[in-house]
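Quick note: the coordinates plus some simple rules give every number you see, no bench work behind them. Note that the coordinates shown come from a computational prediction; the quantities given were computed from them, not determined experimentally. Don't worry about glycine lacking a Cβ; one is built from the backbone with ideal geometry, like all the others, and counts go over all protein chains shown.
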Amino acid sequence: MKQTIKTSRAAGYLEKMFRALNSRYFNGQIEEPVITVQSTPRSYGHVTTDKAWRRGEENRHELNIGVGTLDRPIENIVATLLHEMVHLWNIRKGVQDCSRHGAYHKKRFRDAATSHDLAISYDIRIGWSITEPANYLINTSIGFQTFRLVTSSDHSVLEK
Ligand SMILES: [Zn+2]
């Protein structure tokens, strides 16, 4: 049971980060997803294109952050969260930013991500998906340091 509590605590901090990033980069216009923290060996995070979760009367997208992602530097956690938020923004606008069932990131994903302080590079299998924080994002991520301390201890509990 301890694991569940710790995971929900991490998800709670991610929700706070989501709200801060949403107001900073999207005028608060991205509808809040259900944020989950699950083990995803092959990726740092994902969003569901359909609204897989029901919350109250509304259906919501799922935004998952991989447990292993929480073990990375804070600016990389922020960059992964922002990467997933760019997907939600594109879905909202009806922009298809991926092909091959979400595996391949198109140039239009790169362009949207780049305009939100992410540095994107290319891989032949996954397209324009490799995400690093750009300089401005690294500087502004320092405000999330407290989160980092909490999640890294959560992570060590999860691993036991
Ligand atoms: Zn992606």
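Phi angles of segment 108-115 translate, via the Karplus equation with coefficients 6.51, -1.76, 1.60 and θ = phi - 60°, into HN-Hα couplings of 5, 5, 3, 5, 5, 5, 4, 7 Hz per residue; Gly and Pro are given as x.
Between the beta carbons of Arg92 and Arg55, assuming R0 = 22 Å, the FRET efficiency works out to 0.80 to the nearest 0.05. Taken along its three principal axes, the alpha carbon spread of the chain comes to 41, 39, 32 Å, from the longest extent down to the shortest. Length gained on full extension, Ala103 to Ile124: 6.5 nm, using 0.36 nm per residue less the C-alpha separation.
All Cα-Cα separations within segment 11-95 were binned at 5 Å from zero, giving a P(r) of 3, 15, 27, 28, 18, 8, 1, 0, each value a whole percent of the pairs.
Dipole magnitude for segment 2-159: computed about the Cα centre from +1 point charges on Lys and Arg Cβ and -1 point charges on Asp and Glu Cβ, it is near 180 debye.
Amide H contacts under 5 Å for Ile130: Ser121, Asp123, restricted to partners 5 or more places along the chain or on a different chain, H placed in the peptide plane at 1.01 Å from N.
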